[in-house]
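The values are calculated or read from the model by the stated rules, or taken from the named source; none is laboratory data. The shown structure was predicted, so the numbers you read here are calculated from the model rather than taken from an experiment. Cβ atoms come from the backbone with ideal geometry, glycine included; neighbour counts cover every protein chain shown.
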Amino acid sequence: MDPFTALAGALSGAGGRYLVIGVWGANYYAPSGNVMFMTLDRALFLPSDPDNLLEAWRACETNGFRLFVGSEPLDTPHDCAFARTVVGRRALTRASDGAGTDVDLSLVMSGFEFEEIWPARRMFEVEGVAIPVARLSHIVESKSRAGREKDRLFLATHREALQLLLSDDETNS
């Protein structure tokens, strides 16, 4: 099983809530490898819940991922007080297996709150693991609202493919 899928399964198995977002989230909607979008990292959108964040950190570490804030290792021990501070600052934690699988544990998705989009999630099964993914329309809207150059470039470059995938997603919802 690939490291990301194992991590997703561990997080779900521990009762953690998350949504795959970003370019990697958009890839779940691609009908084949011919429409895949390239990105090096993956992003999980987590609710602003310290207990859930602690579960995410545990799942990462149990699956061989090291945790970072910026370029610095995440302080230990990881306790609820520390998790509350991270949630209060909406700080990004990055998990890396050191072998090319990097995962951002994000408490922010431009234009949306977690609880707003959680009910509309779509589940995808990968290697027997059910993976919750934000709706493609939410991913595209978030990229549009973020206003970053890399997001504008992604949306412009893949406009036609995204429109086709969005119409397919609406048909299948």
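For the reader, a short list of remarks on this structure follows.
- Taking first residues from region 69-95 that are closer than 16 Å to residue 44 by Cα and in contact (Cβ under 8 Å) with a residue 40 or more places away in the chain and partners that are of a type in the set (Val, Ile, Thr) and part of a loop (DSSP other than H, G, I, E, B), the Cβ contacts under 6 Å between residues at least 6 apart in sequence or on separate chains come to 90/108.
- Failed item, numbered, when residue 158 is tested on (1) in contact (Cβ under 8 Å) with a residue 40 or more places away in the chain; (2) in contact with a Gly (Cβ under 8 Å, 6 or more places away or on another chain); (3) not hydrophobic (A, V, I, L, M, F, W, C): (2)
- Restricting 104, 151, 168 to those that are part of a strand (DSSP E or B), surrounded by 12 or more Cβ atoms within 10 Å (Cβ to Cβ) and of a type in the set (D, E, K, R) reduces the list to 104.
Matching residues to (1) within 22 Å of residue 18 (Cα to Cα); (2) β-branched (Val, Ile, Thr); (3) out of contact with any strand residue (DSSP E or B) (no Cβ under 7 Å at 6 or more places or on another chain):
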{"residue": "127", "(1), (2), (3)": "yes, no, yes"}
{"residue": "132", "(1), (2), (3)": "yes, no, no"}
{"residue": "142", "(1), (2), (3)": "yes, no, no"}
{"residue": "147", "(1), (2), (3)": "no, no, yes"}
{"residue": "166", "(1), (2), (3)": "yes, no, yes"}
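- Inspection of region 77-98 identifies no residue that is under 13 Å from the mean Cα position of the chain (by Cα), buried (at least 21 other Cβ atoms within 10 Å of the Cβ) and under 18 Å from residue 121 (Cβ atoms).
- Test for residue 51: is it exposed (fewer than 15 other Cβ atoms within 10 Å of the Cβ), in a loop (DSSP other than H, G, I, E, B) and not hydroxyl-bearing (Ser, Thr, Tyr): no
- Considering each residue of region 115-122 in turn, at least one proves to be over 15 Å from the mean Cα position of the chain (by Cα) and closer than 13 Å to residue 47 by Cα.
- Boolean, residue 133 is hydrophobic (A, V, I, L, M, F, W, C), at pLDDT 95 or above and within 13 Å of the chain's Cα centre (by Cα): yes
- On inspection, residue 11 fails the criterion of being of a type in the set (A, V, I, L, M) and in a strand (DSSP E or B).
- Members of region 115-173 found to be in contact with a Ser or Thr (Cβ under 9 Å, 6 or more places away or on another chain), of a type in the set (Lys, Arg) and within 25 Å of residue 2 (Cα to Cα), listed by number: 122, 135
- When residues of region 62-108 are limited to those that are within 19 Å of residue 51 (Cβ to Cβ) and among the acidic types (Asp, Glu), the one modelled with the lowest pLDDT: 75
- Residue list for region 1-49, restricted to those being at pLDDT below 90, under 16 Å from residue 100 (Cα atoms) and over 12 Å from the mean Cα position of the chain (by Cα): 38, 39, 40
- Within region 109-116, not a single residue is surrounded by 20 or more Cβ atoms within 10 Å (Cβ to Cβ), modelled with pLDDT under 95 and assigned to a loop (DSSP other than H, G, I, E, B).
- Output for region 157-173, where each listed residue is of a type outside the set (S, T, N, Q) and at pLDDT 80 or above: 159, 160, 162, 164, 165, 166
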